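These notes concern the structure reproduced below.
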Amino acid sequence: VFIVLLGPPGAGKGTQADQLVERLGIPHISTGNLLREAVQRRTPIGLQATAFLDRGELVPDSVMRRLIGERLDAHDARQGSIFDGYPRTVAQAAALDAELGQRGRQVHLTIALDIPSDVIVQRLGSRRVCACCGSTYNAITSPPREPEICDRCGEPLVCRADDSPTVIRRRMEIYRAEAGPIEDYYAGQNRLAIIDADRAPVLVTEATLVAIQRATPYRPGLPLDAAVPVSAARR
Ligand code: AMP
């Protein structure tokens, strides 16, 4: 199943994606992570994207389409994936439909994580990441076992450069301007579920899985390739 996760920065997309990866057995495609990796490795896409990332602005759609197309061709993405941070514009939503369509696939459901702005500002200020393995923590809601140290690799945790207050405000402005039309795009095609994300992560995951189960061929305990297409299941 192909699932899009939508939500403002700090809504818990990364945390929910990790849970869904475990429960559904499909990869998490985070364009933010792919871009940061590309920048670090100085790939052609990374070199084109670096200035946009530093300013907290959206990387051009043409660059993003190339990035996502390459990722969809990897073997692990054939049965499905969880898109996090993509699409960010209606043009990207249409591009994703086109890229998946070319591969005989489709977005089954978009999950929009719904959360008040003041909760987001508080959450982002306390977010920490491991510069070594990319694990994310929250100093308040999901701290590491030892303060400021990664549970997985023992390296010191850092604040993400784009979690500074100025860049957060800019990213929230961009998100709000873009999110409405994207939600409308998927809602118009009956592919949107809005989930209340201002509660314990485990409850958000359960609500998300129920929505996925209702809208897609996914059934717990069934290997994904044994699931029937939605259109056939409804007949
Ligand atoms: P994120 O980790 O999702 O918050 O993304 C970090 C940064 O990567 C954003 O501020 C953008 O500069 C860039 N980025 C991530 N996803 C996209 C996308 N779908 N379209 C354009 N730029 C993106």
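The values are calculated or read from the model by the stated rules, or taken from the named source; none is laboratory data. A quick note: this is a predicted structure, and the numbers were derived from the prediction, not measured. FYI the Cβ positions are ideal-geometry reconstructions off the backbone, even for glycines, and counts take in every protein chain you see. All accessible areas refer to the heavy atoms of the entire protein, side chains included, with ligands and DNA or RNA removed. Shrake-Rupley method; radii C 1.70, N 1.55, O 1.52, S 1.80 Å.
Over the chain, what relative contact order in percent results from Cα pairs under 8 Å that are six or more residues apart? Please list the in-between numbers first.
On the way: 328 pairs, mean separation 62.9, N = 235.
The normalised contact order for the chain reaches 27 percent.
Given a 1.4 Å probe, how much area per residue of the chain is accessible, in Å²? Could the numbers behind the result be given before it?
Working: 12110 Å² over 235 residues.
For the chain, the solvent-accessible area averages 52 Å² per residue.
PRE reach from residue 194 (point 7 Å along Cα→Cβ): which of the range 91-128 fall under 14 Å by backbone N?
Residues 111-117 qualify, since their backbone N sits under 14 Å from the label point.
Not counting ligands, DNA or RNA, and with a 1.4 Å probe, what is residue 199's accessible surface area in Å² rounded to the nearest 10?
90
For the residue pair residue 75 and residue 161, what label-to-label distance in nm results when each label sits 7 Å from Cα along the Cα-to-beta-carbon direction?
Going from the residue 75 label point to the residue 161 one covers 3.5 nm.
About its Cα centre, how strong a charge dipole does the range 1-113 have in debye, to the nearest 20, once Lys and Arg get +1 and Asp and Glu get -1 at the Cβ? Kindly include the intermediate steps, with their values, before the conclusion.
Details: 13 positive and 12 negative charges, 22 e Å.
Magnitude of the dipole: close to 100 debye.
So if I take the centroid of the Cα atoms in the range 171-216 and the same for the range 45-72, what is the distance between those two points in Å?
Using only Cα atoms to place each centre, the spacing works out to 23 Å.
Can you give the local net charge around residue 12? Use residues other than it whose beta-carbon is closer than 14 angstrom to its beta-carbon, Lys and Arg +1, Asp and Glu -1. Walk me through the numbers on the way to the answer.
Values: positive: 13, 123, 127, 199; negative: 18, 84, 114, 196, 198, 206.
The answer is -2.
Against the longest principal axis of the chain, how steep is helix 201-215, in degrees 0 to 90 to the nearest 10, with axes from Cα atoms?
20
If you stretched the chain out fully between residue 126 and residue 43, how much longer would it get, using 0.36 nm times the residue separation minus the C-alpha to C-alpha distance?
On the way: separation 83, 0.36 × 83 = 29.88 nm, distance 3.09 nm.
Full extension from residue 126 to residue 43 adds 26.8 nm.
Explain nothing, just the number: dipole magnitude of the chain about its Cα centre with +1 on each Lys and Arg Cβ and -1 on each Asp and Glu Cβ, in debye rounded to the nearest 20. Mind dumping the intermediate values first?
Details: 29 positive and 28 negative charges, 78 e Å.
With Lys and Arg at +1 and Asp and Glu at -1, about 380 debye.
Can you give the FRET efficiency for residue 203 and residue 98, using 1/(1 + (r/R0)^6), R0 = 22 Å, r = Cβ-Cβ distance, to the nearest 0.05?
On the way: r = 35 Å, r/R0 = 1.59.
Efficiency, rounded to the nearest 0.05: 0.05.
Under a 5 Å amide H to amide H cut-off, with H placed in plane at 1.01 Å, what residues pair with residue 151 once short-range neighbours are removed?
It is 145, by chain and number.
Amide H of residue 7: which non-local residues (sequence gap of 5 or more, or other chain) have their own amide H closer than 5 Å, using H built in the peptide plane?
Under 5 Å from the amide H of residue 7: 113.
How far is helix 31-41 tilted, in degrees, relative to the longest principal axis of the Cα atoms in the chain, given as a value from 0 to 90 rounded to the nearest 10?
With rounding to tens, the tilt is 50 degrees.
Once you put a point 7 Å from the Cα of residue 118 and another 7 Å from the Cα of residue 136, both along the Cβ direction, what distance in nm separates them?
Result: 2.3 nm between the two label points.
Could you work out how far apart the two model spin labels at residue 176 and residue 146 are, taking each label as a point 7 Å from the Cα in the direction of the beta carbon, and quote it in nm?
Computed distance between label sites residue 176 and residue 146 equals 4.2 nm.
What is the helix-to-structure angle for 165-187, meaning the angle in degrees between its Cα long axis and the longest Cα principal axis of the chain, kept from 0 to 90 and rounded to the nearest 10?
For helix 165-187, the angle is close to 10 degrees.
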